[in-house]
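Structure first, then comments.
The values are calculated or read from the model by the stated rules, or taken from the named source; none is laboratory data. No experiment lies behind these values; they were computed from the predicted model shown. Backbone-built Cβ (ideal geometry, glycine too); neighbour counts: all protein chains shown.
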Amino acid sequence: MSGKYLLDTNIVIALFANDASVLENLEQAAEVFIPSVVIGELFFGAHKSVRAKDNLSHIDDFASSNLVLGCDVETARIYGEIKNNLRVKGRPIPENDIWIAAIAVQHHLTLISRDGHFSEIENLEVLVW
């Protein structure tokens, strides 16, 4: 199962928890990327935690040792298309997840997530680890 993958927040959290399935799949991945949106969600969670300082440091280390993809005008264009398609279908999903999906579509990456609502997005390849 080699390929180019984009990790959703729930997968990174599972990675932090040493989830065997995630660790096993990552060993076989050719390339792995992290959306900047996911890093933001992780920082938000860390600020709310009882071990904020340790968690913030862990996220800093993680972000600096991985390839983080941000948003640009093309990402925004894809975001707008995805959000409108979801609106037409009457199937909204969380805003951050639309941005994550847009990054995956833009860079032709398979999104790795445990959130089922990503299946509502056309032209997005999703795997569950």
Report task. Return the only residue of 55, 84 being more than 14 Å from the chain's Cα centre (by Cα), modelled with pLDDT of 95 or more, surrounded by 15 or more Cβ atoms within 10 Å (Cβ to Cβ) and not in a loop (DSSP other than H, G, I, E, B). Result -> 55
Query raised in the report: Hey, does the range 30-44 have a residue that's loosely packed, with under 11 Cβ neighbours inside 10 Å, in a helix (DSSP H, G or I) and among the polar types (S, T, N, Q)?
Result: no
Query - Residues located in the range 58-76, provided they are in a helix (DSSP H, G or I) and more than 17 Å from residue 109 (Cβ to Cβ) - result: 58, 59, 60, 61, 62, 63, 64, 73, 76
Report summary line: Filtering the range 1-10 for residues that are in contact with a helix residue (DSSP H, G or I) (Cβ under 9 Å, 6 or more places away or on another chain) and part of a helix (DSSP H, G or I) leaves a count of 1
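For every residue, the table says whether it meets (1) touching a strand residue (DSSP E or B) at 6+ places or on another chain (Cβ under 7 Å); (2) of a type in the set (Val, Ile, Thr); (3) surrounded by fewer than 17 Cβ atoms within 10 Å (Cβ to Cβ); (4) more than 12 Å from residue 38 (Cβ to Cβ).
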site	(1), (2), (3), (4)
66	yes, no, yes, no
72	no, no, yes, yes
76	no, no, yes, yes
88	no, yes, yes, yes
92	no, no, yes, yes
110	yes, yes, yes, yes
119	yes, no, yes, yes
Report task. Might you let me know whether the range 11-21 holds any residue that is part of a loop (DSSP other than H, G, I, E, B), over 21 Å from residue 107 (Cα atoms), at pLDDT 95 or above and not small (Gly, Ala, Ser)? Result -> yes
